[in-house]
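Below: one structure, written as structure tokens.
The values are calculated or read from the model by the stated rules, or taken from the named source; none is laboratory data. These figures come from a predicted structure and were not determined experimentally. As a convention, Cβ positions derive from the backbone with ideal geometry for all residues, glycine included, and neighbour counts pool all protein chains shown.
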Amino acid sequence: MVHPAKVLPLPGALCAAVLCLLLPASQISAADVTIHTTVRVSGQRVDYMVVDTGTPLPDPLPSPDDFTLEGEAYNWMDPTLHSFTAEISDVRADGSSLVLGFEEFPEKYFFVDHFSVTCEGDPSLSFSSGDVTRVVTPVADEFRHVDDDAHDFHYELFTPEDADQPCPAVIVFHGFGDYDNLLTYRTSVEWAEPEQQKVRPCHVISPIIRDYMQTDVRDNVYDCLKGLLDGMIREGAVDPARIYVTGNSFGGAAALEFAERFPHFAAGVIAMCPALNYTGRAVDSLETLADTPVWFAHAEHDAAVPVWASQEAYDTLKKAGNPDVHLTVYTDEEMNAAGADPSPEATVSYHHVEAAVMPDDAYKEWLFSHGT
């Protein structure tokens, strides 16, 4: 007679060791990962990751060199995935959670398709992007995404704390293809930063334009935006005398077009490297802005939109008698100091004059001085 094998109970520690050999790392750690990011001059970057493994952390902790992060991401207007690695610079414990810090995460996080973090020698501390349960981005998270599908109008909206009083509204148009308009650069979030809101409380409206090359698409967004603002004015949320418009690249051209489409509606415009060499309608109607304060900003050696685009627009408004039109041209040295790179392929190239404009409060003070 053959007796069945007798199964003996295993001690807890030995059982756990067996499970470690049998289960993948993400199942071992039962990781709950929160990604903490900020929107920098170069866009949304990872600052640190908080990993709740659900188990006590080892003591001592592994060193940063024990961790490897590998992943794939895509680029602006290019869905082709490329590989990347990120160097973990700091490892620490926060209670039962593991915190991994980064000095310079190489990709804009919203472009990351997937990643994995491997801990050599301790698989229980390994995890992947599939374990991410939350992404935290201060300021950008305070915007509300609105989809008006009936009118094909989509936008991000920041509402100031004192919204029961009429406040200024800042409209921010994004550049071509920058649909993640809160995360690509700081053109929107800068206005909503707490220190800015203390000095200049305002609504921030960032519309999304899916096809800048179609005038009917742009016009639809402009009309819907005007309707939104008219409603906020009727509700007493927005001061009708203090509506400001700004944007970079194609967004700079859109800022001018919006102000031209609704004369005397905008109290001031900041047009950053406006793509006037791609769209002639804004140029053809510039005289409409003869009484509207406009400030152009452009890098001297912008490789995407030549500086003459802003220079000619500035000259046109001067000839039209505009008493409050300005043009600032940034040298290479000034763009370098703002964190730009001369290469047209750089994440922050000389085309991105907003890198110099957005940290400079002179523009905000000038804009908000109108309509008061």
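Condition check ((1) basic (K, R); (2) part of a loop (DSSP other than H, G, I, E, B); (3) buried (at least 23 other Cβ atoms within 10 Å of the Cβ); (4) not assigned by TED's automatic domain parsing to the domain that holds G251) across all residues:
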{"site": "L157", "(1), (2), (3), (4)": "no, no, no, no"}
{"site": "P160", "(1), (2), (3), (4)": "no, yes, no, no"}
{"site": "D164", "(1), (2), (3), (4)": "no, yes, no, no"}
{"site": "I171", "(1), (2), (3), (4)": "no, no, yes, no"}
{"site": "G177", "(1), (2), (3), (4)": "no, yes, no, no"}
{"site": "L182", "(1), (2), (3), (4)": "no, yes, yes, no"}
{"site": "Y185", "(1), (2), (3), (4)": "no, yes, yes, no"}
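Within region 45-68, restricting attention to residues that are part of a strand (DSSP E or B) and in contact with an Asp or Glu (Cβ under 8 Å, 6 or more places away or on another chain), which residue is surrounded by the most Cβ atoms within 10 Å (Cβ to Cβ)? In this case the residue turns out to be V51.
Against the test of being in the same structural domain as C273 (by TED's automatic domain parsing) and buried (at least 17 other Cβ atoms within 10 Å of the Cβ), the options A150, A192 yield a single qualifying residue, A192.
Restricting P240, P201 to those that are under 23 Å from S369 (Cβ atoms), assigned by TED's automatic domain parsing to the domain that holds V353, surrounded by fewer than 24 Cβ atoms within 10 Å (Cβ to Cβ) and touching a Pro at 6+ places or on another chain (Cβ under 6 Å) reduces the list to P201.
When residues in region 109-153 are screened for being assigned to a loop (DSSP other than H, G, I, E, B) and within 30 Å of H203 (Cβ to Cβ), 5 of them pass.
Of the residues making up region 205-216, those that are closer than 30 Å to A163 by Cα and touching a residue at least 60 places away in the same chain (Cβ under 8 Å) number 1. Selection of first residues in region 255-270 that are in contact (Cβ under 8 Å) with a residue 40 or more places away in the chain and over 7 Å from T292 (Cβ atoms) and of second residues that are of a type in the set (V, I, T) and assigned to a helix (DSSP H, G or I), restricted to Cβ pairs under 8 Å at least 6 apart or on distinct chains, gives the following pairs, ordered by first then second residue: I270/V357. Taken together, E345, E333, E312 contain a single residue that is in a helix (DSSP H, G or I) and farther than 17 Å from L256 by Cα, which is E333. For region 81-108, a tally of residues being closer than 15 Å to V51 by Cα and either over 21 Å from the mean Cα position of the chain (by Cα) or part of a helix (DSSP H, G or I) (or both) returns 12. Total residues in region 115-173 satisfying the condition of being in contact with a Gly (Cβ under 6 Å, 6 or more places away or on another chain) and under 24 Å from A73 (Cα atoms): the figure is 1. Scanning region 317-361 for residues that are surrounded by 13 or more Cβ atoms within 10 Å (Cβ to Cβ), polar (S, T, N, Q) and closer than 21 Å to F105 by Cα yields N336, T347, S349. Taking the criterion of being touching a helix residue (DSSP H, G or I) at 6+ places or on another chain (Cβ under 8 Å), in a loop (DSSP other than H, G, I, E, B) and modelled with pLDDT of 95 or more, the only residue of region 17-44 that qualifies is V41. Just to be sure I understand the filter: pairs with C-beta atoms under 7 Å, separated by 6 or more residues or on different chains, first member in region 341-360 and closer than 20 Å to Y74 by Cβ, second member in a helix (DSSP H, G or I) and not small (G, A, S). Which pairs pass? Listed by first residue and then by second, the contacts come to nothing, as the list is empty. In region 77-98 there is no residue that is in contact with a Ser or Thr (Cβ under 6 Å, 6 or more places away or on another chain) and either touching a residue at least 12 places away in the same chain (Cβ under 8 Å) or crowded, with 17+ Cβ neighbours inside 10 Å (or both).
The residue that is surrounded by the fewest Cβ atoms within 10 Å (Cβ to Cβ), among those in region 252-311 that are charged (D, E, K, R) and over 22 Å from K226 (Cβ atoms), is E300.
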